[in-house]
Amino acid sequence: MKKQEKVVNKANNKKRASKKEDIKMPNKKNIVISIVLFLVIAYLLYTIYLLIKQPTNVFTVEEGKLYQEETCIGYVIRSEKVVKGENYKNGMEQIKAEGERASTNENIFRYYSTNEESLKQKIAELDTKIQEIMTNDKSILTADMRILENQIEEKIAYINRINDASKLVEYKKEIDNLVEKKAKIAGESSPQGSYLKDLIEQRKNYENQLNSGAEYVKAPMSGLVSYKVDGLEEILTPDNFSTLSEEYLESLNLKTGKIVATNEESGKVIDNFSCYIATITDTKEAKEAKVGDNVKVRLSNNIEVNAGIVSIAEKESGKRVIILQLDKQIEELINYRKITFNLIWWDAAGLKVPNQAIVNVDGLDYVVRSRAGYLSKILVKVKKQAEKYSIVTAYSNDELKELGFSDKEINNYKKISLFDEIIVNPDISKVK
């Protein structure tokens, strides 16, 4: 029995030892796995650190465009003449629409006559009577009458589709003439001809009174017609650039971007060939600008137009009053006196590279190109440089000669090209 107990005890001991070993084995595996994971994570963190510290040391050359611009406040200055008649209290009717061109001495608007409403009512009543007679008397429906009726219907259909005030006036006159012709034919062929003629004659008399009592205002010069009169037409003119200052312009108390209200008593004609924008700035580009320089202006409608600097005035504050001349988008600027716009000092398009890839050696600019693992030093011409990037190009043979390069060096000259891979922050001393 004792032997049997010993055998059982030995067997139990072996089982307990085996269990202990089983318990120890997973712990060893976990330790190995933990070490591997730790190494992988450490490697990944180090790689991320290197990427953050220096994301890449290679840049692919691409086509791009750079701007040097600033947002400015501008005061719109125009050559313009205000026109106002004597009967301005009677109200006015536009003959030329807002922004429409007019020639010198051409009628642009008119003031109503004193008794215009009464005369118009009498004419309308006569038109109704004349139309009733012509509609009810079937004996006067001649071929000519039918032609005139068709023409009148066409004009009326067209007039319902247009919004141009001057065109509306023009078509209304044409319709009136056609109606008058129709009435004359009716008067000659109708049994009630004498009565119809009397009505037509009365209408003519009223119309003559209407026209003779109205005051027509003509354009004093050729240009764009506008009814946005703000009282600054004789103040902000091209004749007084020298008197403009920041204090003076601010004293006008103009609101930026506000549309000038339409005037109901007067109009004006604006020079449609050019207008001016006065702006005040003290940026580096402004201080280096000269009269005669060409720049660009981007307006609120996102259209870019060429502009030239025609005047620069230095102020004690260190700021400069710069006057820009524009010959496009004048119609757009009619609506405003004070605007926000982007002044583009320069723009350039071409091969775009980061400034950190350009190294200056003895007054010449180079980039380092990597091609199939081989590094080459490439001479480049920097056209324009912004804060982070530059637009570069290759030198011409004539330019290289002017720089003192030999014929052999010119023949061996390597040019930068689109999609070249260049090194950022290169150590150019190690490149041949």
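Please give the contour-minus-distance gain from residue 84 to residue 310: 0.36 nm per residue of separation, less the Cα-Cα distance, rounded to one decimal in nm.
Stretched fully, the residue 84-residue 310 segment lengthens by 78.2 nm.
I need the peptides 404-416, 238-250, 382-394 ranked by packing, meaning the mean over residues of other C-beta atoms within 10 angstrom, with the highest value on top.
Those peptides, ordered most packed to least, come out 382-394, 238-250, 404-416.
Which FRET efficiency value, to the nearest 0.05, is calculated for residue 106 and residue 402 with the Förster distance at 60 angstrom and r the Cβ-Cβ distance?
Working from the Cβ atoms, E equals 0.55.
Neighbouring Cβ atoms within 10 Å as the yardstick, rank 92, 221 fewest first.
221, 92
Quick check: pseudo-label points 7 Å beyond the Cα along Cα→Cβ at residue 340 and residue 222, how many nm apart are they?
For residue 340 paired with residue 222, the spin-label model returns 3.9 nm.
Give me the number: length gained by fully extending residue 298 to residue 115, i.e. 0.36 nm times residue separation minus the C-alpha to C-alpha distance, one decimal in nm.
Extra length from residue 298 to residue 115 when fully extended: 60.9 nm.
Structure shown: which of 81/122; 255/315; 255/388; 65/258; 296/401 lie over 29 Å apart, alpha-carbon to alpha-carbon?
81/122; 255/388; 65/258; 296/401
So, R0 is 22 Å and r is the distance between the beta-carbons of residue 287 and residue 365; what FRET efficiency does that work out to, to 0.05?
Between residue 287 and residue 365 the formula returns 0.30.
What residues qualify as long-range amide H neighbours of residue 395, i.e. H under 5 Å apart, gap of 5 or more or another chain, H built at 1.01 Å from N?
So residue 395 has HN proximity to 381.
Modelling each spin label as a point 7 Å along the Cα-to-Cβ direction, I'd like the residue 258/residue 215 distance in nm, to one decimal.
Rounded to a tenth, the inter-label distance reads 2.9 nm.
Pull out the extension gain between residue 98 and residue 42, defined as 0.36 nm times the separation in residues minus the alpha carbon to alpha carbon distance; nm, one decimal.
Stretched fully, the residue 98-residue 42 segment lengthens by 12.9 nm.
No value in this document is a laboratory result; all are computed from the given coordinates. All figures in this text were calculated on a predicted structure; none of them were measured in a lab. Heads up, the Cβs are rebuilt from the backbone with ideal geometry, glycines too, and the neighbour counts pull from every protein chain shown.
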